[in-house]
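Only one structure is covered here, and it is reproduced in the block below.
The values are calculated or read from the model by the stated rules, or taken from the named source; none is laboratory data. Given the structure is predicted, the values throughout are model-derived calculations rather than measurements. Don't worry about glycine lacking a Cβ; one is built from the backbone with ideal geometry, like all the others, and counts go over all protein chains shown.
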């Protein structure tokens, strides 16, 4: 699966299976996150590495956090981040499944950058989730030198969902 | 040499005294009289001073009469005067004195008249007379009485010398009379370090404190010792240790023996016992060594002190010591051998039982005359050296003393040599340590005995003993780069052979030696030759569970993972290393490796945290090597942060420490750091002589690329091109070790500077997987040169990939901004501005270019990067020009627009440009039209937004 994140006024690059219209809460960005079965090509195309629906089916998610690791992300850092997602952060998010709706992990090969999109029921829930993640103890073998954290986090209101 | 006194150049440190005596001589020529007594211990320079005065007197036509007292019993009364007055009429007056067997009162009357006749005869000569009487401590009462009688007579300067360490009755009463008559006394004091340095200027300065300490500053002894050094051919070399190594000069031995002969037997014993005790003693030592009761001991010590052989040291009243070490050595050397050995044996036992203070080891060494006593001395020395680990030079001295004993068995010799080698390595003396290790290996690696221990083969070592000695010898010198590794590799090979034969189940030792073999081979032969040795060493170490084995195996594994792909593994290895309970430097290496990895990851804050930890570790270890690592890493981080002055200071401290470690690679590492510092500072020309003087580094491709970059910086394009050709020939085959990333990144920059598309293309492909890393070595990194993306930008630039180049520089800028690597952010930002400006796509993004160039200029100015600042200013000028050209304004219109921006009226502009107002109105209308503005007042705002027009 692929994804694109483009301004709302940009033409869709390919047919989308799902479409999320997002309005930045503390900024001017309005974007559309689309999920595609076919490769949309182009420089703004992302590979969906994981798509984890966490909440109950059909639950309404009103906000989304777009967590960006600008890149180029070194291989060792990416590996450490993937492990953290899979073994530490993922299980913690699953434990909060009633309030966190869905997590998409996107990767852009040529830029070596990563985006994690987290859908949640509301902003307090989202912030609670971040605080929980920050408080998690590192697992044995994890090294803080390999976990620099994201370059920025943007919070959006989910204004429309099409599937 | 004293000013105006050309013949008194021997009078070092006696300026005040000769000046006073010269003044006395001048006064005597003017008709007054004086007597001056020169006092001091033997060798202090009394005769030299008196002789210098006599020389000055003769040069000014003052007659000089000289005499000398003689210690012989048969010497006639007034003998010094007989000599002094020889050939003068007063001599006859003394000769006419009656013999001493007459009436005492009549005799004194005769003597008084004779003395008066002598005094009158000498006095009142125009121009004055100098009388010099030497060695008055041996003079008879009459000689001193005549001197007192003469004191103050007009025109007579009398100078007498005597030893303050000897006070026979005649001298004591004579001094009272002389004092009463008005004689003045000058006490000559010992030299200080300044005077010693002056007379031994041709001797290595390291000897000066040894000379001062050993001689006590007594000039005669200083000169004798310096002459001994010259005669032994070691004067130009630094001293091997803090003590005097060449025995007691014969002159001092004679003087000392003579002084001892004048003491009572008890005092002589006390002085001898003090020498045996090590130079200081009191009643406790004298009780043990001479069997003296307290009262007798105190009286003996007092007598020795009165003779100047000992001095009270306090605060306890009985504590006495020799005034200087040489005197102690002279007394000790003069003792009969049997007395010395018996004394030291008694002292060793007394120290062991607590009856006497001090160290038993010195006494055990001094009484080691047979096999059991030698074995006791050797074991005491090994224990003392282990206890003196914090002061390695002391440990080495003790061990060398044991090695100097005759007949020490080979097994003991190996143990002593290995302990000394370990102490020397801890003190930073790698070459010396390695020489000892080689000596041990040669002892232990001789022909095999048939089986078991075989004293007949001369080694006294069985097979496992040989293997153990060889293994220890191979493990002493570690963690160094450079040519020492060839020897280490040879030692490790020999040890592995022996271990395989005699200790195949000793996993821990085999792991350690195999790891050492791996590291030395990587340095001496090459990274690609490592094979499975690191993994095998780690397997053996884990099986053994031995921390030392794990330490060495982790070092080997770290080295094997030093390439850019091994960064995560290196972090894990570093963590495991830092957690090891021993050896003491495990934490040092663990911390250093984490800094290496943090550099490559661009995590400067992590590196800074580790640097703080490194400071603590270095303080705890106290080794020069550890402090060197701390300061060189502090310099590297300061460089990366753009604190260039701090970098220089830390590098200076590190270099001082590097010189103490004797590690040639440490000196080369300083050159590598400073090359980058100078490049950022715009002072690259200073590095060319440094590179030219680094022949050992010529074997390393990392050196070629670094030198090429510096040559490019100084504008020597042919030389840089030659270096690029050199590196291009090997680039594709470089091992992916810890040096690969810096070498390829420098090559990319070199290719960009010289327009080599092929090298640029190869570097671009090779570096792309590492775009997210920073440029740093993977094992013993010297510095961190910012983001690999900047090198990728250079590579793409060289390969003609303009879009990719701009993207890489933008990535580098972002990464270096995140990391706070200011110098490199400046370089990336500057190059990005230049590339944006040079964009030939038709519409260069001048605003973005200007923003980057402006910030680059500000940062370069702030942290002191003059070359970058010049480039940024040039870019800004070019941007201004491009903007002006983009407006379509003619040169005249730009000129008028600039004046409009300054708020000038049409009339003012017309006057300044010698135009009509109507013409100016036409130009203003054109300017507003081309800039898309409605009113002239908007021109100032346009300029503020887009930059100046001229």
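Points to keep in mind about this one:
- Total residues in region B:895-920, condition assigned to a helix (DSSP H, G or I) and either free of Cβ contacts under 8 Å to residues at least 12 places away in the same chain or loosely packed, with under 13 Cβ neighbours inside 10 Å (or both): 7
- Failed item in (1) modelled with pLDDT of 90 or more; (2) over 34 Å from the mean Cα position of the chain (by Cα), with residue B:529 passing the rest: (1)
- Only helices (runs of 4 or more DSSP H) whose full extent lies in region B:89-195 are considered here, and the ones with at least 1 residues that are at pLDDT 90 or above and either surrounded by fewer than 15 Cβ atoms within 10 Å (Cβ to Cβ) or assigned by TED's automatic domain parsing to the domain that holds residue B:44 (or both) are B:104-122, B:141-150, B:169-181.
- When the helices (runs of 4 or more DSSP H) confined to region B:546-622 are screened for residues that are under 27 Å from the mean Cα position of the chain (by Cα) and either within 14 Å of chain A (Cβ to nearest Cβ) or touching a residue at least 24 places away in the same chain (Cβ under 8 Å) (or both), those reaching at least 3 such residues are found at B:586-601, B:604-621.
- Pick from region A:110-163, criterion within 14 Å of another protein chain (Cβ to nearest Cβ) and in contact with a strand residue (DSSP E or B) (Cβ under 7 Å, 6 or more places away or on another chain), ranking: farthest from residue B:570 (Cα to Cα): A:152
- Every residue from region B:758-771 that is at the interface with chain A (Cβ under 9 Å from one of its Cβ atoms) and within 30 Å of residue B:479 (Cβ to Cβ): B:770
- Filtering region B:242-267 to residues that are more than 23 Å from residue B:44 (Cα to Cα) and at pLDDT 85 or above leaves B:264, B:265, B:266, B:267.
- Any hit, region B:296-319, residues being outside any loop (DSSP other than H, G, I, E, B), buried (at least 21 other Cβ atoms within 10 Å of the Cβ) and within 36 Å of the chain's Cα centre (by Cα): no
- When B:894, B:883 are checked against the criterion of being more than 60 Å from the chain's Cα centre (by Cα) and closer than 30 Å to residue B:829 by Cβ, a single residue qualifies: B:894.
- When the criteria are applied in full, residue B:658 fails the requirement of being away from chain A (no Cβ under 14 Å) and either under 20 Å from residue B:787 (Cβ atoms) or touching a strand residue (DSSP E or B) at 6+ places or on another chain (Cβ under 9 Å) (or both).
- Meets criteria (modelled with pLDDT of 95 or more and under 34 Å from the mean Cα position of the chain (by Cα)) for residue B:752: no
- When residue A:72 is tested against the conditions (1) in contact with a strand residue (DSSP E or B) (Cβ under 6 Å, 6 or more places away or on another chain); (2) at pLDDT 90 or above, the lone failure is (1).
- Filter result for residue B:313 (closer than 23 Å to residue B:342 by Cα and modelled with pLDDT under 95): no
- For region B:246-257, the condition holds for at least one residue, the condition being that it is under 29 Å from the mean Cα position of the chain (by Cα) and either free of Cβ contacts under 8 Å to residues at least 24 places away in the same chain or in a helix (DSSP H, G or I) (or both).
- The condition (being touching a residue at least 60 places away in the same chain (Cβ under 8 Å) and under 29 Å from residue B:811 (Cα atoms)) is satisfied by just one residue among A:59, A:81: A:81.
- Within region A:45-73, tally of residues that are within 14 Å of another protein chain (Cβ to nearest Cβ) and over 28 Å from residue A:122 (Cβ atoms): 3
- Selection count where residues are more than 30 Å from residue B:169 (Cβ to Cβ) and buried (at least 18 other Cβ atoms within 10 Å of the Cβ), scope region B:30-63: 4
- Residue in region A:74-102 that is farthest from residue A:135 (Cα to Cα), counting only those that are surrounded by fewer than 21 Cβ atoms within 10 Å (Cβ to Cβ) and within 14 Å of chain B (Cβ to nearest Cβ): A:75
- In region A:19-35, the count of residues that are out of contact with any helix residue (DSSP H, G or I) (no Cβ under 7 Å at 6 or more places or on another chain), closer than 30 Å to residue B:570 by Cβ and free of Cβ contacts under 8 Å to residues at least 60 places away in the same chain is zero.
- Options B:722, B:789: the member that is within 14 Å of chain A (Cβ to nearest Cβ) and assigned to a helix (DSSP H, G or I): B:789
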